[in-house]
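The values are calculated or read from the model by the stated rules, or taken from the named source; none is laboratory data. Owing to the predicted nature of the structure, the values given are computational and were not obtained by experimental measurement. All Cβ positions, even for glycine, are placed from backbone atoms using ideal geometry, and neighbour counts span all protein chains on display. Accessible surface is based on the protein model in full, side chains and every heavy atom, while ligands, DNA and RNA are left aside. Shrake-Rupley method; radii C 1.70, N 1.55, O 1.52, S 1.80 Å.
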Amino acid sequence: MKLLPSVGRKATQKVAVADHDGVVTCFGMKKGEAVPVFKSLPGQKISRLELGGALGTPQEKIFVSSGSEVRGYTKKGKQFLTFEANLTESINAMHVSGADLFVCASYIYNHYCDCKDQDYYLSGDKINDVLCLPVETVGRIVPILACQDRVLRVLQGSDLQYDVEVPGPPTVLELLNRDGGKGGEAVLYGTADGKLGLVQITKSGPVTSWELDNEKKKGGVLCIDTFDIVGDGVKDILVGRDDGTVEVYGLDSSNDLTLRFENVLSESVTSIQGGCVGKEMYDEVLTTTYTGWVSGLTTEPQQMVAGPGDEIKMSRETQGKVAALRAELEQLQAKVLQGREKYQQSSQSSTAVSAVPVFSINDKFTLCQDDASYSLTLEVQTAIDNLLLQSDVPIDLLDVDKNSAVVSFSECDSESNGNFLLATYRCQANTTRLELKVRSIEGQYGTLQAYVTPRLQPKTCQVRQYQIKPLSLHQRTHAINQERKGEANFKSDNISTISILKDVLSKEATKRKINLNISYEVNEDSVSHTLQMIHPKLEYQLILAKKVQLIDALKELQVHEGNADFLIPEYRSILDESAQLLEEYKKQPAHLERLYGMITDLFIDKFKFKGQNVKTKVSQLLAILNNYELDSLMEFFSEA
C-alpha cells in the first residue's frame, strides 16, 4: 500500500493497494466513504507495490510485481507498462528510481534501466528487501540488499562493494525522511526479531547512527515509513510489526529515539504510510493488515469534553457515520444468512459437488535468543477453529501471555511411532492469529508439524512443517568457519556443540554411506571458560530463589510495624519488586533445569572425548549444583 502525492496544497491523498488476488485498487475518502478511482482485473498474486516516476517530478506512477512480471499504471488506472523479467522465481522485492528498476527473487538481484538488463548479483543468502540511495542526491546508483544472514549488502554494478552487519535478519529497508536525509545516505532498517536501526551508507564504508533493541519482546518489523505526524517540523518514524503493533517514534533534542504513540491491531501490519487521506488538515497513519483491512489512525480530535450538567449532541456528520455503519452491518449480516442458507440447501442436494475451500497461512518460526525458545506464529485470513501440534522429537510448550486458546495434550507412544508431542489448541471465536512458544533439546533433531483447521465449511486442514535442527538453540554469527572442497573446520568454545556436530555428521554420513574422517582437538581451558560464562546466569537464578523465600516474612514485618522504613535498602527493594520477582520465579524451574542440563552435558561430553563414561557420577554433580559454588564445581570437573 502506498499514498499517491497530493495534487493541491491541502488536498487529501489517494490510496493505492495491491492484494493476493492480483487486483490493484486506488481510492480516495469523501465524507468518511471510500470513493474508488480505479480497480484492475484479478490475476496472479501481487508481491510488491512501489511508486515511481521521472526523477525530480512527483512519484505518482504505480508499479506492481506479480510472479516474474512488473506492471505499471498511471494514477488514473491506465496500464502503460508490462515487463517480463524472465526470472525462474517470483519477484519478492522491488524498488523503482526514475528509469531504473531493481528486482530481487529469493537469491538473485537484477537491475534494469529502461527495461534493459544492466547488472546481476547472486546473494549468499535469501534477499528480503532492496533499496537504492537517491541518485539525484548521491550522484550514483547504490543498491542495498537486506539479506537473511543479518547483513546489508551494498553493491556497485554487479559487484559487492561492502557488507553491513546488523543485529538481526533485516526484513525491510526505508530511506530516512523518504530522501535519505541531508546527504541521501541515511537508511533505516527493521529486523525479524523486532529491532530498528539507522546506518549511513557512505562511499568509504558504513557508519551506524543508532540501534534500538526490542526490550519489550514485540513482534518483528514488517514495514517502516517516515512522516511528520506530530507537526513539529521533524519527521517521525512509523513502524508496523507482525504482532499488530503500530508505533510512532520521534527524535528528542539529544537525538535519542523516543516512543510517542502506540496502537495494537488484531492482525500483522503489512504496510504503513503517513499522509492526509480522510479529512483535510488532519494527518493520519494509514495501515494495511494481513486479511486486507485498510485502517487510519487520525490526528483529528475524536472526543468532546463536557462539564457537569452539559449536554453534547451528535453532529449531523457523526450521526450520518453511525447510520451508515449500522446499515452496512445489517447488509453484511443479511449476506451471511443468505450464504448459510445457500450452503445448507446445496449440501443436502444429491447433485452438489463439495469443493475444498482454499486459504493461505502466514507463518513464522523464529529463535528467541533471550529465553532460548522458538516462537511459532500462525495467521489465517479467516478465524482459526483449532490447531494440532505433532513432533517426533521431545519439545516443551511454554506459556504465552497473548495466547487465549485452550490447550489439551494427548498421550504419545514415542517408542513405537516416534510421537513425542500431540497437543490441540482450541481457539476462541474470531481468532485469526495464534502465537506459541516451544523449547527444543539440542542434539535431538526432527520435525514439528502444525495442522491448521479454520472455521470453514466443509472442514479442511493445512499442514505446515518446521525443522528442529541439531544445534537448534544456536544463533548465526557473522564469523564464518573455514571450508575447502571436501573439508570443513568447526570451532566452538563449548565442547557440547562439537560433540553434537560430531554425532550428527557421523549418523548422517552412515545413512548416506559416505566415508567421513573426523578429527578433533580439545582445549581443556574451554571447559572452565564455558562454566564461567554460565556462572552469572546460574547465580542470578539462585539469588532469585532466596529473594522469593524472604518476601512473605518481609510482608509480615511490614504489616506488624506499619511501614518498611526500618528495613535495610536491600530488603526494601525486595518488597518493592515482589510482584515482578514472583512472576519471574514462576518461570524459574525451566531456567534452572536448562542450566543444570547444560552443565551435565558439558561434564559428560568432556570425558566422552577422552573415551570415558562418567554417567555414574552425574548424581554427585547434581548434589554440587544444589549447593552451588563455582570453585567447587570447577574442582569437581578437574578431579573427576
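Details
- Condition check for LYS342: outside any strand (DSSP E or B), free of Cβ contacts under 8 Å to residues at least 12 places away in the same chain and surrounded by 10 or more Cβ atoms within 10 Å (Cβ to Cβ): yes
- For region 428-437, the criterion of being over 23 Å from ASP242 (Cβ atoms) and open to solvent by 20 Å² or more (accessible area, probe 1.4 Å) is satisfied by no residue at all.
- ASN515, sole failed condition from (1) touching a strand residue (DSSP E or B) at 6+ places or on another chain (Cβ under 6 Å); (2) polar (S, T, N, Q); (3) in a loop (DSSP other than H, G, I, E, B): (1)
- Any hit, region 400-411, residues being free of Cβ contacts under 8 Å to residues at least 40 places away in the same chain, surrounded by 11 or more Cβ atoms within 10 Å (Cβ to Cβ), in contact with a strand residue (DSSP E or B) (Cβ under 7 Å, 6 or more places away or on another chain) and more than 30 Å from GLY194 (Cα to Cα): yes
- Within region 2-35, being at negative phi, touching a residue at least 24 places away in the same chain (Cβ under 8 Å) and part of a loop (DSSP other than H, G, I, E, B) holds for LEU4, PRO5, SER6, LYS10, ALA11, THR12, GLN13, LYS14, ASP19, HIS20, ASP21.
- Residue within region 607-625 that is among the small types (Gly, Ala, Ser), at pLDDT below 80 and more than 32 Å from the chain's Cα centre (by Cα) present: no
- Condition met for LEU582 (over 24 Å from ILE395 (Cβ atoms) and surrounded by 14 or more Cβ atoms within 10 Å (Cβ to Cβ)): no
- LEU251, sole failed condition from (1) in contact (Cβ under 8 Å) with a residue 24 or more places away in the chain; (2) open to solvent by 40 Å² or more (accessible area, probe 1.4 Å): (1)
- Number of residues in region 452-487 that are exposed (fewer than 11 other Cβ atoms within 10 Å of the Cβ) and at pLDDT below 90: the value is 12.
- Within region 262-294, restricting attention to residues that are closer than 13 Å to THR245 by Cα and surrounded by fewer than 17 Cβ atoms within 10 Å (Cβ to Cβ), the residue that is modelled with the lowest pLDDT is SER266.
- Among the candidates TYR540, TYR571, TYR585, the residue that is under 21 Å from LEU473 (Cβ atoms) and either of a type in the set (A, V, I, L, M) or without any contact (Cβ under 8 Å) to a residue 60 or more places away in the chain (or both) is uniquely TYR540.
- Residue in region 62-83 that is open to solvent by less than 40 Å² (accessible area, probe 1.4 Å), within 22 Å of GLY205 (Cβ to Cβ) and either of a type in the set (Gly, Ala, Ser) or assigned to a loop (DSSP other than H, G, I, E, B) (or both) present: no
- Test result for LEU602, outside any loop (DSSP other than H, G, I, E, B), in contact (Cβ under 8 Å) with a residue 60 or more places away in the chain, within 41 Å of the chain's Cα centre (by Cα) and over 22 Å from LYS437 (Cβ atoms): yes
- Verdict on ASP565 being open to solvent by 90 Å² or more (accessible area, probe 1.4 Å) and either more than 30 Å from PHE607 (Cα to Cα) or modelled with pLDDT under 80 (or both): yes
- Filtered residue count, region 162-180, keeping only those that are open to solvent by 10 Å² or more (accessible area, probe 1.4 Å) and either without any contact (Cβ under 8 Å) to a residue 12 or more places away in the chain or within 24 Å of the chain's Cα centre (by Cα) (or both): 11
- When region 225-256 is filtered for residues that are over 21 Å from the mean Cα position of the chain (by Cα) and either assigned to a strand (DSSP E or B) or hydrophobic (A, V, I, L, M, F, W, C) (or both), the ones remaining, listed by number, are PHE227, ILE229, VAL230, VAL234, ASP236, GLY250, LEU251.
- For region 99-144, taking the residues that are among the charged types (D, E, K, R) and either assigned to a strand (DSSP E or B) or on the phi > 0 side of the Ramachandran plot (or both), the one that is most open to solvent (accessible area, probe 1.4 Å) is identified as LYS116.
- Candidate set: region 39-61, residues that are hydroxyl-bearing (Ser, Thr, Tyr) and part of a loop (DSSP other than H, G, I, E, B); chosen: the one modelled with the lowest pLDDT: THR57
- Number of positions in region 31-49 that are open to solvent by 50 Å² or more (accessible area, probe 1.4 Å), touching a helix residue (DSSP H, G or I) at 6+ places or on another chain (Cβ under 8 Å) and closer than 22 Å to ILE272 by Cα: 1
- Residue check: LYS587 meets all listed conditions (1) surrounded by fewer than 15 Cβ atoms within 10 Å (Cβ to Cβ); (2) modelled with pLDDT of 85 or more but one, namely (2).
- Only one of LYS313, LYS364, LYS321 that is of a type in the set (Lys, Arg) and at pLDDT 90 or above: LYS364
- Breaking point among (1) out of contact with any strand residue (DSSP E or B) (no Cβ under 6 Å at 6 or more places or on another chain); (2) without any contact (Cβ under 8 Å) to a residue 40 or more places away in the chain; (3) under 24 Å from LEU41 (Cβ atoms), for GLU60: (2)
- Each residue in region 359-399 was checked for being open to solvent by 20 Å² or more (accessible area, probe 1.4 Å) and in a strand (DSSP E or B), and 15 pass.
- Screening GLU556, GLU577 for residues that are without any contact (Cβ under 8 Å) to a residue 24 or more places away in the chain and open to solvent by 100 Å² or more (accessible area, probe 1.4 Å) leaves exactly one candidate, GLU556.
- On inspection, ILE361 passes the criterion of being of a type in the set (A, V, I, L, M, F, W, C) and closer than 24 Å to LEU265 by Cβ.
- Residue count, region 345-358 (criterion: open to solvent by 80 Å² or more (accessible area, probe 1.4 Å), part of a loop (DSSP other than H, G, I, E, B) and free of Cβ contacts under 8 Å to residues at least 40 places away in the same chain): 4
- Residue check for SER440: under 23 Å from the mean Cα position of the chain (by Cα), farther than 19 Å from ASN362 by Cα and polar (S, T, N, Q): yes
- Looking only at region 182-218, and only at residues there that are part of a loop (DSSP other than H, G, I, E, B) and in contact (Cβ under 8 Å) with a residue 60 or more places away in the chain, the one that is surrounded by the fewest Cβ atoms within 10 Å (Cβ to Cβ): LYS217
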